[in-house]
Amino acid sequence: MTSDIHNRIEYIIDSERLSISAFKRQIGVGRNSISTSLRKKSSISHEVIKKIHIHFPNYSVDWIIFGNKNESEVEIKKLSVELMGIFKRWKNKNDKNS
């Protein structure tokens, strides 16, 4: 599913339904730090990993770095992502109607 750290970060971006630019803005990193690392499969700094975990705490640092998760955690994560997506869409819809 998510074989290396680059794939796992791409998975987070996709699961959160963000563009790379929106993801970078949300975690507060520089313009090219994520996109260059993902494109070139280069190293990801510990500061970037820390910021990802701070802004997306449902992804453990252990999983982001090493991919370690047991099967039940994967299922819980999938459900959590889906529920958060539903909640965000509901909130955005309600904010626009206010």
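The values are calculated or read from the model by the stated rules, or taken from the named source; none is laboratory data. In this text, all values refer to a predicted model and were calculated from it rather than measured experimentally. With ideal geometry, Cβ positions are generated from the backbone for all residues, glycine too; neighbour counts draw on all protein chains shown.
Structure summary
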| read-out | value |
| --- | --- |
| Residues located in segment 1-20, provided they are over 14 Å from TYR59 (Cβ atoms), in contact (Cβ under 8 Å) with a residue 24 or more places away in the chain and of a type in the set (Gly, Ala, Ser) | SER3 |
| Near pairs, Cβ below 7 angstrom, 6+ apart or cross-chain, from segment 74-91 (touching a residue at least 40 places away in the same chain (Cβ under 8 Å)) to any residue that is surrounded by 10 or more Cβ atoms within 10 Å (Cβ to Cβ) and not aromatic (Phe, Trp, Tyr) | VAL81/SER15; GLY85/ARG17 |
| Selection within segment 3-62 - under 25 Å from LEU79 (Cβ atoms), of a type in the set (S, T, N, Q) and out of contact with any helix residue (DSSP H, G or I) (no Cβ under 8 Å at 6 or more places or on another chain) | SER3, ASN7 |
| Candidate set from segment 3-22 (those that are part of a helix (DSSP H, G or I) and of a type in the set (D, E, K, R)); member that is surrounded by the most Cβ atoms within 10 Å (Cβ to Cβ) | ARG8 |
| Some residue of segment 66-84 being polar (S, T, N, Q), under 19 Å from SER3 (Cβ atoms) and modelled with pLDDT under 85 | yes |
| Count - residues of segment 23-56 that are charged (D, E, K, R), assigned to a loop (DSSP other than H, G, I, E, B) and in contact (Cβ under 8 Å) with a residue 24 or more places away in the chain | 1 |
| Candidate set from segment 23-44 (those that are β-branched (Val, Ile, Thr) and within 19 Å of HIS55 (Cα to Cα)); member that is surrounded by the fewest Cβ atoms within 10 Å (Cβ to Cβ) | VAL29 |
